[in-house]
Amino acid sequence: MAIPEHARSNFQTLLRATDDGNLALMECADARTGEVCYVICAVGRDDGDFVFTPFGHLADDNPYDFYLPPDPRDPSGFIRPDSGQASR
């Protein structure tokens, strides 16, 4: 699977923000549920105002439970913990 260009570009922006010390962790409310969440943001300036660009949020629970890693034997598949087999 190829990572799309917009994701690569956003990741490069996040790396630059990290290198420049322009990264913030903000307490926000989830727009759908209203629950408190913690959002990783790049910090910029616009006419003297701070601008926060959200990139993602920190997982409340075990982040390993939220994602399936890519299967090294099948570039279009993912490893499922319950079976050890790839899935698409």
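A short reminder: the numbers here are calculations on the coordinates, not readings from a lab. Predicted model only: the values in this text are computed from it and were never measured. Quick reminder, even Gly has a Cβ in these numbers, built from the backbone with ideal geometry, and neighbours come from all protein chains shown.
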Quiz item: Can you give me the pair-distance distribution of region 1-47, C-alpha pairs, 10 Å bins, whole percents?
Solution: 23, 35, 36, 5, 0
Quiz prompt | Listed residues LEU25, VAL39, ILE79: farthest to the positive end of the dipole of the chain (Cβ charges) | solution = ILE79
Quiz item: With each pseudo-label sitting 7 Å past Cα toward Cβ, what's the ASN10-LEU58 distance in nm, one decimal?
Solution: 2.0
Exercise. Would you kindly calculate the translational diffusion coefficient of the chain, applying Stokes-Einstein with the Kirkwood radius from alpha carbon pairs, for 25 °C and a viscosity of 0.890 mPa s, and quote it in µm² s⁻¹ without decimals?
Key: 156
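Can you tally the net charge around ASP30? Count Lys and Arg as +1, Asp and Glu as -1, for every other residue whose Cβ sits under 15 Å from the Cβ of ASP30.
Every neighbour counted, the sum reads -3.
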